Amino acid sequence: MKTADDVKLVKNGRLVNGTGASPIEDAALLIDSGRIRFAGPVGDLEELSNEIEIIDARGGTIMPGLVEAHFHATYFNVAALEDLDIKYPVEYVTLLAAVNAKLVLECGYTAARSGGSLFNIDFWLKKAIENDLAPGPRLSPSGREICGVGGLMDWNPDFRKIGMDGLMLLINGPEEARAAVRKLVKDGVEWVKTYPTGDAAAPDINDHHTLCMTFEEMDAVVTTAHNHALKVTGHCRATEGIKNALRAGYDALEHGSFMDDEALDMLLERNTPVVPALFFEQACIDADPKYGMTQKMIDGHQETLEGGAESARRILKAGGRLGMGGDYGFAWNPHGDYAKELTFFVDYVGFSPLETITCATKSGAEIMGCGDDFGTLEVGKLADVLIVDGDVLSDISILEDRKRFIAVMQGGIIKSGQLANRQEAAQL
Ligand SMILES: [Zn+2]
């Protein structure tokens, strides 16, 4: 991805630098060739020539671009899980993924880590974004996800004879687990996404307390993936599934819903990050009846929400790491709503806006393995910046309204927001 070749000064704003430090009032951000040269009080800024471009933050917020830590570019706002693998061909899903990638960037997310991809679309989407052929977040790609036969994601009955080829690699035993990871190695993904546990979405045979992979299968996944420098994560709700993932050496956990003291201790000892994705549970509970949520499913999502919120509070309090990602891409939790997760963490879970933003920037970049490159506004890092007309620390829900974004920048280049629209208008 190209970076800017000029010098830009952002000023007249409150700097929230993403490290969790207190905000700096009347701050300045100096960007030189796409990287940050200065971030601090305007009074400490060096003498500058008159040549540089000045961006007025209008007394609003200057903060790092957000990181969506559980992004499904290829989930196209499906109304039923089964639609994921049988509704459209790869050609059309690829186009939909490009649309979602553009949208997430417009919503202020300058980077995203995938939580699983149909076919091998993520990898090629990332290539198009990196080559500036399509707009989108800096993307950490996953591929097809791995689940045990008969587990949560194995929903097509055998008599249909259609398998799960575009979505899932279904395995029986460690040998098949290794073979599945080797396929993903060839696909070029960074993350191997697995299903150690079930979910409230399948209350009868794969509910949120069910295990969908054995420890031996998970161990085989991790050993093979790590051998090829791939990272492993998993859909972990049930306590025993969380412990299996930690024991096997997972690099991150999705959800981490039901954690007892032992699970929390293991997590903290390994410093494994967790991406809870909690608003999704509320969205399932509140979903329109036309999406067919049964009372059993709703009760399960309620239990998951309460367990997940409690785990998130305990992890934060104990000094663990959390990323903000929302599992968007379902009809009742559609793309574009990404920042609802942040508001929900403040209003329902009880995090402060500053804690939530730190999770959504610094921790997100760390989960991607890019903490040295972006995620905070510190000297030397890429200028992935979000400039917002408003004080996000007093009202974090401002981040849900992309009309209030003055600029969304990647590497010092304005990609979206009011200033980008003005640039486009001037070129017409
Ligand atoms: Zn997901």
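Since every read-out is calculated from the coordinates, none of them should be taken as a lab result. All figures in this text were calculated on a predicted structure; none of them were measured in a lab. All Cβ positions, even for glycine, are placed from backbone atoms using ideal geometry, and neighbour counts span all protein chains on display.
Put one equal scatterer on each alpha carbon of the chain, apply the Debye formula with no solvent term, and list log10 I(q)/I(0) at q = 0.06, 0.09 1/Å to two decimals.
So the normalised log intensities work out to -0.24, -0.53.
If the convex hull of the alpha-carbon atoms of region 107-260 is projected onto planes in all directions, what is the mean projected area in square nanometres?
Details: hull surface 40.0 nm².
The orientation-averaged projected area of the Cα hull of region 107-260 comes to 10.0 nm².
Which distance in nm do the two modelled labels at Lys317 and Leu95 give, with both placed 7 Å along the Cα-to-Cβ direction?
Label-label distance for Lys317 and Leu95, simple model: 5.1 nm.
Kindly work out what percent of the DSSP beta bridges joining two residues of the chain are antiparallel, to the nearest 5.
50 percent
What FRET efficiency comes out for Met1 versus Asn227 if R0 is 35 angstrom and r is the Cβ-Cβ distance? Round to the nearest 0.05.
Efficiency at R0 = 35 Å is approximately 0.75.
Go ahead and estimate [θ] at 222 nm for the chain from helices alone: -39,500 (n - 2.57) per DSSP H run with n ≥ 4, summed, over the residue count, rounded to 500.
Computed ellipticity for the chain at 222 nm equals -9500 deg cm²/dmol.
Given Lys317/Lys362; Lys2/Lys183; Lys183/Lys231; Lys2/Lys403, which pairs have Cα atoms separated by over 19 Å?
Details: Lys317/Lys362 17 Å; Lys2/Lys183 31 Å; Lys183/Lys231 14 Å; Lys2/Lys403 25 Å.
Violating the 19 Å limit, Cα to Cα: Lys2/Lys183; Lys2/Lys403.
How would you rank 182-194, 279-291, highest first, on the average number of other Cβ atoms within 10 Å across their residues?
182-194, 279-291
Using a Gaussian network model on the chain with a 10 Å cutoff between Cα atoms, which of Asp251, Asp395, Asp158 fluctuates the most?
Its mean-square fluctuation being the largest, the pick is Asp158.
What is the Cα radius of gyration of region 334-428 over 2.2 N^0.38 Å, N being its residue count?
It is 1.16.
Tell me, what is the FRET efficiency for Ile86 and Asp347 to the nearest 0.05, using R0 = 41 angstrom and their Cβ-Cβ distance as r? If you can, show how the numbers build up before the last one.
Values: r = 37 Å, r/R0 = 0.90.
Computed FRET efficiency for Ile86 and Asp347: 0.65.
Measure out, as a whole number of angstrom, how far apart the alpha-carbon centroids of region 336-364 and region 72-109 sit.
About 23 Å separates the Cα centre of region 336-364 from the one of region 72-109.
Once you treat every alpha carbon in region 301-346 as an equal point and sum by Debye, what is log10 I(q)/I(0) at q = 0.17, 0.21, 0.25 Å⁻¹?
-0.57, -0.83, -1.04
Answer rounded, prolate or oblate for region 264-404, using the Cα gyration tensor with square roots of eigenvalues a ≥ b ≥ c: rounded when a/c is under 1.5, else prolate when a/b is larger than b/c, else oblate.
The shape class here is oblate.
Can you tally the net charge around Gly173? Count Lys and Arg as +1, Asp and Glu as -1, for every other residue whose Cβ sits under 11 Å from the Cβ of Gly173.
On the way: positive: Arg178; negative: Glu175, Glu176, Glu216, Glu217.
Summing Lys and Arg as +1 and Asp and Glu as -1 gives -3.
Along region 102-109, what does the Karplus equation 6.51 cos²θ - 1.76 cosθ + 1.60 (θ = phi - 60°) give for ³J(HN,Hα), rounded to whole Hz, x for Gly and Pro?
Listing the rounded values in order: 5, 5, 5, 5, 4, 7, x, 9 Hz.
Which of these, Gly249, Gly412, Gly43, has the largest mean-square fluctuation under a Gaussian network model of the chain (Cα springs below 10 Å)?
Gly43
Under 5 Å between amide hydrogens, which residues at least 5 positions from Thr194 or on another chain qualify, with H placed 1.01 Å from N in the peptide plane?
Amide H neighbours of Thr194, under 5 Å, 5+ apart: Ile146, Thr233, Gly234, His235.
On a 0 to 90 degree scale, rounded to 10, what angle separates helix 121-130 from the longest Cα axis of the chain?
10 degrees
Net charge around Ile31, counting only other residues with Cβ within less than 13 Å of its Cβ (Lys, Arg = +1; Asp, Glu = -1)?
Around Ile31, the surrounding residues sum to -1.
Decide, for region 176-269, between rounded, prolate and oblate: order the square roots of the alpha carbon gyration tensor eigenvalues as a ≥ b ≥ c, take rounded if a/c falls under 1.5, and otherwise choose prolate if a/b is larger than b/c, else oblate. List each step's numbers first, then the result.
On the way: a/c = 2.18, a/b = 1.41, b/c = 1.54.
Oblate.
Tell me, what HN-Hα J-couplings in whole Hz come from the Karplus equation 6.51 cos²θ - 1.76 cosθ + 1.60 at θ = phi - 60° for each residue of region 173-187, using x for Gly and Pro?
x, x, 4, 5, 4, 4, 4, 5, 5, 4, 4, 5, 4, 5, 5
Straight-line reach from Lys290: which lysines have a Cα under 30 Å away, not including same-chain ones fewer than 8 places off?
Lys87, Lys102, Lys161, Lys193, Lys340
Could you work out, for region 337-382, what percent of all Cα-Cα pairs fall into each 5 Å distance bin, beginning at 0 Å and stopping at the bin that holds the largest distance?
5, 23, 24, 20, 16, 9, 3, 0
Using a simple charge model, +1 on the beta-carbon of Lys and Arg, -1 on the beta-carbon of Asp and Glu, nothing else, what dipole does the chain show about its Cα centre, in debye to the nearest 20?
For the chain, the charge dipole is close to 760 debye.
Restricting to Cα pairs below 8 Å that are 6+ residues apart, what does the relative contact order work out to for the chain? Please round to a whole percent. Write down the numbers at each step before the final one.
Numbers: 1038 pairs, mean separation 85.8, N = 428.
Reported relative contact order: 20 percent.
Give me the distance between the Cα centres of region 383-402 and region 49-67, rounded to whole Å.
Result: 12 Å between the Cα centres.
Quick check: convex hull of the Cα atoms in region 1-86, volume per residue, rounded to a whole Å³?
Per-residue hull volume (Cα only) is 153 Å³.
Based on the alpha carbon coordinates of region 54-178, what radius of gyration and maximum Cα-Cα distance (Dmax) apply, in Å?
17.3, 64
Each residue of region 306-315 in turn: what ³J(HN,Hα) in whole Hz from Karplus with 6.51, -1.76, 1.60 and θ = phi - 60°, glycine and Pro shown as x?
Values per residue, Gly and Pro as x: 5, x, x, 5, 5, 4, 4, 4, 5, 5 Hz.
Give me the Kirkwood hydrodynamic radius of region 277-330 in Å, from all C-alpha pairs, to one decimal place?
About 12.2 Å, per the Kirkwood formula over Cα pairs.
Among Ile36, Thr233, Gly375, flag the residue with its Cα farthest along the positive direction of the charge dipole of the chain, charges on Cβ as +1 for Lys/Arg and -1 for Asp/Glu.
Ile36
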